[in-house]
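Engineer: Just passing along the structure, written as structure tokens.
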Amino acid sequence: MPRIRYLKPSFWSDSDIAKLDFVERLCYQGLWNQADKEGRLTDKPAELKVSIFPYDIVDMEAMLNRLSHPKEEGSEPFILRYRIGTKRYIQINTWLEHQKPHHTEKDSTIPSPENGEIILNNIPLPKKELEVEPPAEVIAKPQPTINKSFMILRDKIFKWAVSQYPAFRRKGKDVALKRYEKTVTKMPDILKFKTAFNNYKDSEDFQHGFVLRMSKWFDSWEEYIELKEEKCTICDNRGKFVSDRGYEIICSCIYGQRIKK
């Protein structure tokens, strides 16, 4: 059942909160009312939509995904979405730093995310390993930085991106893979890469067939994480325009070289 929660004045000036859309901020606050004493709740987007936005048309799943994105520089997200068996839950991070549940509230019956499988954009991720300092005699030995589960997921995302890429621009796939493996070294990087690729795939250039060679795009994919397109004032993003002398010209502006046939 909904509970009364605290809302600090600093909420409105928080730099991470400022990056959310206003409806995502309202969704975040709504989750507080639905959360139990430990800041946990059941991850059921349809039911949460009815509880938080009964009179509005919103995409609750998309907002939950946005709130589960890591913040800048890979810091922890606003919420963790996790699964235990067939049930899915949400943990609101830094809960006890900002909330003081009443002492009469019932203890949480939802298991901790430490016992579950973390989920980002509906992709199950392996359990986060405990960061325990190794014994002194082991410190000098090289420690593995990438586990097997991560490598499997990273490979899966690369194959997915390749399958979405136009066949005629897949030259340099081996070079692209090397660049991908060099820059995607931890779980938050996978999420950033997916965001960057989806931004590029939805861009005007990509939609009109003006696609960078695969090796070139993978060499600068980080630039597309927060892609904000500007329309070309000459061709209005149609990709072509006719010069004053009557010649048809392929546009080469915005953020990448156009394909010149």
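The values are calculated or read from the model by the stated rules, or taken from the named source; none is laboratory data. What you see is a predicted model, and the numbers here were worked out from it, not measured in a lab. Quick reminder, even Gly has a Cβ in these numbers, built from the backbone with ideal geometry, and neighbours come from all protein chains shown.
Engineer: Please state which one of Ile157, Ile146, Ile190 is assigned to a loop (DSSP other than H, G, I, E, B) and either modelled with pLDDT of 75 or more or of a type in the set (A, V, I, L, M, F, W, C) (or both).
Structural biologist: Criteria check complete, one pass: Ile146.
Engineer: Show the residue pairs that are 6+ apart or on different chains and have beta-carbon atoms under 8 Å apart, the first residue being within the stretch 78-95 and hydrophobic (A, V, I, L, M, F, W, C), the second being surrounded by fewer than 18 Cβ atoms within 10 Å (Cβ to Cβ) and not in a loop (DSSP other than H, G, I, E, B).
Structural biologist: If the second residue must be surrounded by fewer than 18 Cβ atoms within 10 Å (Cβ to Cβ) and not in a loop (DSSP other than H, G, I, E, B), the pairs left are Phe78/Asp16; Ile84/Asn115; Ile84/Glu117; Ile90/Thr42.
Engineer: Return the residues of the stretch 22-42 that are out of contact with any helix residue (DSSP H, G or I) (no Cβ under 6 Å at 6 or more places or on another chain), outside any helix (DSSP H, G or I) and of a type outside the set (Lys, Arg); say none if nothing qualifies.
Structural biologist: Ala35, Asp36, Glu38, Thr42
Engineer: Quick check on my filter: what residues within the stretch 37-85 are aliphatic (A, V, I, L, M) and in contact with a Leu (Cβ under 7 Å, 6 or more places away or on another chain)?
Structural biologist: Leu41, Met60, Ile79
Engineer: Under the condition of being among the basic types (Lys, Arg) and either in contact with a Leu (Cβ under 7 Å, 6 or more places away or on another chain) or outside any loop (DSSP other than H, G, I, E, B) (or both), which residue from the stretch 216-261 is modelled with the highest pLDDT?
Structural biologist: Result: Lys216.
Engineer: Could you tell me which residue of the stretch 59-98 is modelled with the highest pLDDT, considering only residues that are part of a loop (DSSP other than H, G, I, E, B) and surrounded by 16 or more Cβ atoms within 10 Å (Cβ to Cβ)?
Structural biologist: If we take residues in the stretch 59-98 being part of a loop (DSSP other than H, G, I, E, B) and surrounded by 16 or more Cβ atoms within 10 Å (Cβ to Cβ), then Phe78 is modelled with the highest pLDDT.
Engineer: Can you tell me which residue within the stretch 106-117, out of those that are surrounded by fewer than 20 Cβ atoms within 10 Å (Cβ to Cβ) and at pLDDT below 85, is nearest to the chain's Cα centre (by Cα)?
Structural biologist: Glu117
Engineer: Could you count how many residues in the stretch 200-214 are under 22 Å from the mean Cα position of the chain (by Cα) and assigned to a loop (DSSP other than H, G, I, E, B)?
Structural biologist: 2
Engineer: Run Gly172 past the list (1) more than 22 Å from the chain's Cα centre (by Cα); (2) at pLDDT 90 or above and report the number of the one that doesn't hold.
Structural biologist: (2)
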